[in-house]
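See below for the structure under consideration.
The values are calculated or read from the model by the stated rules, or taken from the named source; none is laboratory data. Here the structure is a predicted model, which means the values were calculated and not measured. When we count neighbours, we look across all protein chains shown, and the Cβ atoms used for this are built from the backbone with ideal geometry, even at glycine.
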Amino acid sequence: MSWNRTWGYLAICVLTFPGILCSLQEQRQVLLVSFDGFRWDYIYKFPTPNFQYIIKNGIHVEHVTNAFITKTFPNHYTMVTGLYAESHGMVANEMYDPVLNDTFSMNHMTIYNSKFWEDAYPIWITNQREGHRSGAAMWPGTDVKIHDVFPTHYMLYNESVTFQERVAKLIEWFTSKNPINLGLLYWEQPDEWGHILGPDNPCMEEVIRDVDKNLGYLVSELKRANLWDTLNVIVTSDHGMAQSSRDRIIELDLYVDRELYKMIDHSPTVALLPGEGKLDEVYNALVNAHPHMSVYKKEDIPNRLHYNHNSKIQPILAVADEGWEILQNKSDGFIWGDHGYDNMLPEMHPIFLAHGPAFRRNFTKQAMNSTDLYPLLCHMLGISPLPNNGSLDNVKDLLVSSVPGAPQPRFLVDYQQGSYAFYMGIILGSILIFIFLLAFVRHLTYSQTPAVWGRQTEMTQPLLQP
Ligand SMILES: [Zn+2]
């Protein structure tokens, strides 16, 4: 075999190598989607063909134990840090920090106070520090400058921006000349209607159908942009929703003078800051006040809730039983659905499903913790996780690479979905590499170059003359 032909094969291999590298890089792209307040069992209660499509072609985790308290900001920050609320510091939707002497409220511009977010480093910061690019469409906290960093691309939070516009931005970022490898997409439903209607209201069917349509739109747009087969898409939520009732209201005014404390965070898990020297008085008035309300001093909050060690956790916490509300007075606002209860309650658990080259197909797993999502994301992105409360081992079985003898992810997906060109490309590439190696060995064996020949005869003689 001549040198010319050998170099020809070498050239082909070199030319195909970037393609192989590119394909490996594509496997590391992740889109994390949160439908706020999408309870784990909505997919069993209502028609959800697009959720079912992902489950059939990807993975589904039936029970995800999220973080206490089961509210929006704490859980969205848990998903991107792998930390319990006491560690990432986003301990509630409404907070007061006695160290900063400052307040945080999801209903006000105070959410842009960076200090409340800086107990932790969310995943987009780590991703960017390792040389990658992130894009976020309204995920809580992504339009806040945290540790002096914004996501590479982000949208300022504006509820009136449609789902379609958010999807369009993410696709633009994933397909740009310098693409992102991490995308974060947030949508306010079905949480808002869940609060207004209550999860048991038959009208929730229309709400869930609408969310399902949005998921279908996302899938069709990803297919249109040729991203569906290469992008790993995780669809999840922050919490579930429980049905409230006007018959299940606990009125604090019946038990304690409201002048003795300040209510920092609201029902159904209520954070109370007693006036100076009034801690025991308020606590003693409430601790046995109602059979459906558990009241703790901060230091006595059960360890399993991982909700003690942060200055933003108030001295007294009152937690309602499922379906109960804690108000100061019945005249305070009432909503038909609520969340924020104990994270052991199934009604508080979110949906979790995923599809993509890294994930197994048609695989159902019983349980995981929402803290496990962060190490999973880091593993998929190829970045180093910061210390966290999750475990990759708990969720590794969701991945193709965890199945002994399984083909490489990209190969599996394209083969199964019938991408003939890519399948043939891989086979052809393998054959070319094999031919090149064969040619190279033969060249070394028969080369006319004296120095090389002299050494190779000794090494290869026994093989050539069996
Ligand atoms: Zn929420």
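Residue by residue through the range 223-234, note down the ones that are surrounded by fewer than 17 Cβ atoms within 10 Å (Cβ to Cβ) and either within 16 Å of the ligand (Cβ to nearest atom) or of a type in the set (S, T, N, Q) (or both).
Of everything in the range 223-234, just one residue is surrounded by fewer than 17 Cβ atoms within 10 Å (Cβ to Cβ) and either within 16 Å of the ligand (Cβ to nearest atom) or of a type in the set (S, T, N, Q) (or both), namely ASN226.
Give the residues of the range 120-141 that are more than 18 Å from HIS76 (Cα to Cα) and touching a residue at least 12 places away in the same chain (Cβ under 8 Å), sorted by residue number.
Matches in the range 120-141: GLN128, GLU130, HIS132, ARG133.
Which one of these is on the phi > 0 side of the Ramachandran plot, in contact (Cβ under 8 Å) with a residue 60 or more places away in the chain and surrounded by fewer than 24 Cβ atoms within 10 Å (Cβ to Cβ): GLY356, GLY323?
Selected residue: GLY323, the only one of GLY356, GLY323 that is on the phi > 0 side of the Ramachandran plot, in contact (Cβ under 8 Å) with a residue 60 or more places away in the chain and surrounded by fewer than 24 Cβ atoms within 10 Å (Cβ to Cβ).
Quickly run through the range 164-197 and pick out the residues that are within 16 Å of the ligand (Cβ to nearest atom) and in contact with a helix residue (DSSP H, G or I) (Cβ under 8 Å, 6 or more places away or on another chain).
Listed by number, the residues that qualify are LEU184, LEU185, TYR186, TRP187, GLN189, PRO190, ASP191, TRP193, GLY194, LEU197.
With the range 26-119 as the region, which strands (runs of 3 or more DSSP E) entirely inside it contain at least 3 residues that are in contact (Cβ under 8 Å) with a residue 60 or more places away in the chain and within 28 Å of ALA242 (Cβ to Cβ)?
Counting at least 3 such residues, we get 30-35, 59-65, 94-97.
Count, please, the residues in the range 130-154 that happen to be closer than 10 Å to LEU184 by Cβ, hydrophobic (A, V, I, L, M, F, W, C) and surrounded by fewer than 24 Cβ atoms within 10 Å (Cβ to Cβ).
1
Looking only at residues that are surrounded by fewer than 17 Cβ atoms within 10 Å (Cβ to Cβ) and in contact (Cβ under 8 Å) with a residue 12 or more places away in the chain in the range 167-189, which one is farthest from GLY135 (Cα to Cα)?
GLU188
Go over the candidates SER237, SER267, SER244, SER220 one by one and state the one that is under 30 Å from THR175 (Cα atoms), of a type in the set (Gly, Ala, Ser) and surrounded by 22 or more Cβ atoms within 10 Å (Cβ to Cβ).
Answer to the selection: SER237.
Looking at (1) closer than 28 Å to ASN107 by Cα; (2) among the hydrophobic types (A, V, I, L, M, F, W, C); (3) outside any helix (DSSP H, G or I); (4) outside the structural domain of HIS76 (by TED's automatic domain parsing), find the lone condition where VAL282 falls short.
Result: VAL282 fails condition (3) only.
Go through the range 224-238 residue by residue and tally those that are more than 21 Å from the chain's Cα centre (by Cα) and not in a loop (DSSP other than H, G, I, E, B).
Looking only at that region, the number is 1.
Go through the range 26-48 and report how many residues are among the β-branched types (Val, Ile, Thr), within 16 Å of the ligand (Cβ to nearest atom) and over 23 Å from SER176 (Cβ atoms).
0
With the checklist (1) free of Cβ contacts under 8 Å to residues at least 40 places away in the same chain; (2) farther than 24 Å from ASP265 by Cβ; (3) not polar (S, T, N, Q) in hand, flag the one item VAL144 doesn't pass.
Exception for VAL144: condition (2).
Check THR126, THR78 and return the single one that is within 16 Å of the ligand (Cβ to nearest atom), β-branched (Val, Ile, Thr) and in the same structural domain as PRO179 (by TED's automatic domain parsing).
After applying the criteria, what remains is THR78.
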